[in-house]
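Structure record follows, encoded as structure tokens.
The values are calculated or read from the model by the stated rules, or taken from the named source; none is laboratory data. Keep in mind that this is a model prediction, so the values were computed, not measured. Because the Cβ atoms are built from the backbone with ideal geometry, glycine has one as well, and the counts that use them run over all protein chains shown. We work out accessible area using only protein heavy atoms, side chains counted, and drop any ligands, DNA or RNA first. Shrake-Rupley method; radii C 1.70, N 1.55, O 1.52, S 1.80 Å.
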Amino acid sequence: MSNISKTNDQILDFDYQLKAQDDAFPTLKVLDNDGKIVDEKALERADLSDDDLINIFHNMLLNRQLDIRSTKLARQGRFGFFAPTAGQEASQMASAYAFHDEDWLFPGYRDIPEIVAKGWPIWKAILWSRGHVVGNEYTTDDGKEVNSWFPQIIIGAQYVEAAGVALGLKKRNKKAVSYAYTGDGGTSQGDFYEGMNFAAAYHANEVFFVQNNGFAISTPRKLQTAAPHLAAKGWAVGVPSLVVDGQDAIAVYLAAKEARAWAVSGKGPVLIETLTDRFEAHSTAGDDPLRYRTKEDIADWWKKDPLIRMRKYITDKGLWDEDKENDYIAQIDARIDEDIKKADNIDKQKISDYLKNTLEVPGYAMKEQIEKFESEGK
Amino acid sequence: MAVKSYIDAVKEAQDLALEHDKNVLILGEDVGKNGGVFRATDGLQDKYGEDRVFNTPLAESGIGGLAIGLTTQGYRPIMEIQFYGFIYEVLDSLAGQMARNRFRFNGTRQMPIVVRAPYGGGTKTPEMHSDNLEGLVAQTPGLRVVMPSNPSDAKGLLLSAIESNDPVIFLENLHLYRSIKGEVAEGYYTTPLDKAAVVRKGKDISIITYGGMTPVALNAAEELSKQGIDAEIIDLRTVSPLDIETIGESVKKTGRVVVAQEAQRMAGIGASVMAEISERFILSLKAPVGRVAAPDSIYPFAQAENDWMVNADDIIDKVKEIVNYD
């Protein structure tokens, strides 16, 4: 009898429930802020070769350099919409590194670098940003299909669509997954929940990422939800969920790798919340972070720059030095310069093509419009 | 040829599509074991398996997203929205996503999805089950909106919709599901999309209509013929995009037009047809174009349906007004 009474007491103890939720999601960490390993076993489990470590760091540097160059170009009016990524390099690139070519990426609008890491040329990313339709062709320069959706604008929609891909992969018996990114604000959307719930109900091959960077434009994370951890939302639909230090590239990679292995085995989706920060503005379209956060807060986060600890770690391992870094950045810059030229020289978009692409088989009035615009060379 | 109900024609088309193309899937709330709340998919899960005909959790936006994602793996999903009044929950998937994807991807990716949903009044449903919301999607570029009015078209148009690489919103009239029967050809056949049908030939006036209003207009035409008025009836079948050619031929022949729709008067398909006629064929007209449509209130509660809905008498009155106009 006493046991039942204890259980009943606990059922009715709402304070206990909140505390239990809070305690349920410790943060996965492998690398500390000084680039030292805090968990050797986890490092072993990540199973990263020296080449892997360098590749991940390369991708993070590429991400940072794209951010720096895009922000500059935007200030000169030579870029379109750009959502800065500085601060999120480990969260984005180390997670993406765990996935394979045959996996399907469902990015949010800040997740351009993950698509580039998948082989999408930078000049197409530039065109996407500038508002040119060729920027929505997901192929490599040698014409290979890149398994990526477009950077989703309607926050949350990528979650339900990715669930459909995950189910399709399962139905086709493919050893592949879909992986989708959203942010802390995205977890408030109905589609966030529907996507996870659908994928879970079908045990579909899916890994969901929430990059919790603390702000949805200006709205702080604590105003999005009373949930102590965003990862807890996965539990509501029966999905294994975890929180990872988003500034720790090795921990992020380990989480993503384990999640992919779980999802590809047919057991269902996994949700990963990365704790990260957007060092800069929401977008280059006039957002001023100092309207909603302090200089000190931003400065504190810069100290947790994911590049610092990864650089220290691979330098200590003898894999990296300043010359290598300068060489690699020079390479990226040359590549970006070349791709800007390529983007500058793209053919003008035609309204007649827009019409032709709207429906495979156009209706009567559309045919008239196609003819009219074609006759005007537009 | 066999005489079949509208709902049986819809089911038969899906059966044939599943048999014809292994990539066709059916998904939606209760479409599996239950065969759909109207039995439009009755027995199909037993016949084709749970892998191809399957229930979804209860969330329309999730169903839309699922269908979109499935296309990346070469599938051609038929997704059912249990009642078209629930469309608001999935509007982003339809208008924000599948409608735009072919355009968005510069023609490199297709969206071969059929969205089936019953619509229309006259069956005393609870609120949000009967609204004629075709206008909401008909004004969205990238979506094709098909609304068959009889069993034969329901089957042939549904098979065309499934074959189409463009997304099709396929709206089935709830009242007609079991109230109408007609000859349906055996086997697999398609009825062309974007093509209106002259369902009754006449010389005095053109009644341009679609969906559930077509049989009402046919009844009105029978009564009118007794009164010496020979009405031609155009069933649009695809309401977006419009078959302007067929509309034009009829208008040029009769010179008088009444547009009839079950939906409210504001905006909508009827308005679009009238605008095309006034822009293109005004010199063929002998009278203003008449319009029969429901009042611009919210769709009524069940007990007021009979007073609110357009009926054959409304069409007859409007036709007489336009025929007698000098």
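Some points to look at:
- Shown for the range B:104-124: residues covered by the partner protein chains by 40 Å² or more of accessible area relative to the chain by itself (probe radius 1.4 Å), namely B:R104, B:F105, B:N106, B:R109.
- B/A buried area, accessible surface, summed, 1.4 Å probe, Å²: 3800
- Counting only DSSP H runs of at least 4 residues, each contributing -39500 (n - 2.57), and dividing by the residue count of the protein assembly as shown, the helix-based mean residue ellipticity at 222 nm comes to -12500 deg cm²/dmol.
- Accessible area of the range B:197-324 belonging to carbon and sulfur atoms, whole % at 1.4 Å probe: 50
- 21 Å Cα-Cα reach of A:K317 towards lysines, excluding residues that sit fewer than 8 places from it in its own chain: A:K29, A:K36, A:K41, A:K304
- Axis of helix B:312-323 versus longest Cα principal axis of chain B: the two differ by about 50°, to the nearest ten degrees.
- Expressed to the nearest 5 percent, the antiparallel share of DSSP beta bridges inside the protein assembly as shown is 20 percent.
- Relative contact order for chain A, counting Cα pairs under 8 Å that sit 6 or more residues apart, in percent: 21
- Ordered from largest to smallest accessible area (heavy atoms of protein chains, 1.4 Å probe), the residues B:W308, A:W120 come out as B:W308, A:W120.
- For the range B:174-260: rounded, prolate or oblate by the Cα gyration tensor [a/c cutoff 1.5]: oblate
- Shielding of A:363-373 by partner chains, average beta-carbon count, 10 Å: 3
- For the segment B:91-98, counting C-beta atoms of other chains within 10 Å of every residue's C-beta and taking the mean gives 3.
- Size descriptor, Kirkwood hydrodynamic radius, that averages inverse alpha-carbon separations across the range A:27-346, Å: 19.6
- Each Cα pair under 8 Å and six or more residues apart adds its sequence gap; the mean of these over the residue count of the range A:288-378 is a relative contact order of 19 percent.
- Shape analysis of the protein assembly as shown based on the Cα gyration tensor places the equivalent ellipsoid semi-axes at 54, 30, 22 Å, largest first.
- The long axis of helix B:6-20 is offset from the longest Cα principal axis of chain B by roughly 40 degrees.
- The range A:140-294: C-alpha gyration tensor shape, a/c 1.5 cut-off, then a/b vs b/c: prolate
- Classified by the C-alpha gyration tensor, the range B:2-184 has a rounded form. Its axis ratio a/c, with a ≥ b ≥ c, is below 1.5.
- FRET efficiency estimate (nearest 0.05) - Cβ-Cβ, A:I4 to B:E127, R0 41 angstrom: 0.35
- Average accessible area per residue (Å²) across chain B - probe 1.4 Å, nucleic acids and ligands excluded: 37
- On the range B:16-103, 46 percent of the accessible area sits on carbon and sulfur atoms, based on a 1.4 Å probe.
- For chain B, the relative contact order is 16 percent, taking Cα pairs closer than 8 Å that sit 6 or more residues apart in sequence and dividing their mean separation by the residue count.
- Interchain or long-range residues, amide H under 5 Å from A:D103's placed H: A:V177
- Extension gain (nm, one decimal) between A:T225 and A:A365, 0.36 nm per residue minus Cα-Cα: 45.6 nm
- Shielding by partners, peptide A:128-141 (average Cβ within 10 angstrom, other chains): 2
- Straight-line cross-link reach from A:K170 at under 25 Å between alpha-carbon atoms covers these lysines, not counting any fewer than eight positions away in the same chain: A:K118, A:K144, A:K233, A:K257, A:K267, B:K22, B:K33, B:K47.
- Lys pairs, the range B:142-276 - Cα-Cα below 14 angstrom, 8 or more residues apart or on other chains: 5
- Taking amide hydrogens as placed 1.01 Å from N in the peptide plane, the amide H of B:E172 sits under 5 Å from those of B:A117, B:Y119, each at least 5 positions away in sequence or on another chain.
- Acute angle (nearest 10 degrees) that the helix B:151-163 long axis makes with the longest principal axis of chain B, alpha-carbon atoms: 50
- The phi torsions of the range A:275-289, fed into the Karplus equation with coefficients 6.51, -1.76 and 1.60 and a -60° offset, translate into couplings of 8, 9, 8, 9, 5, 10, 6, 4, 8, 7, 8, x, 6, 10, x Hz, rounded to whole numbers, with Gly and Pro shown as x.
- R0 of 51 Å, Cβ-Cβ distance A:E40-B:T108: FRET efficiency to nearest 0.05: 0.65
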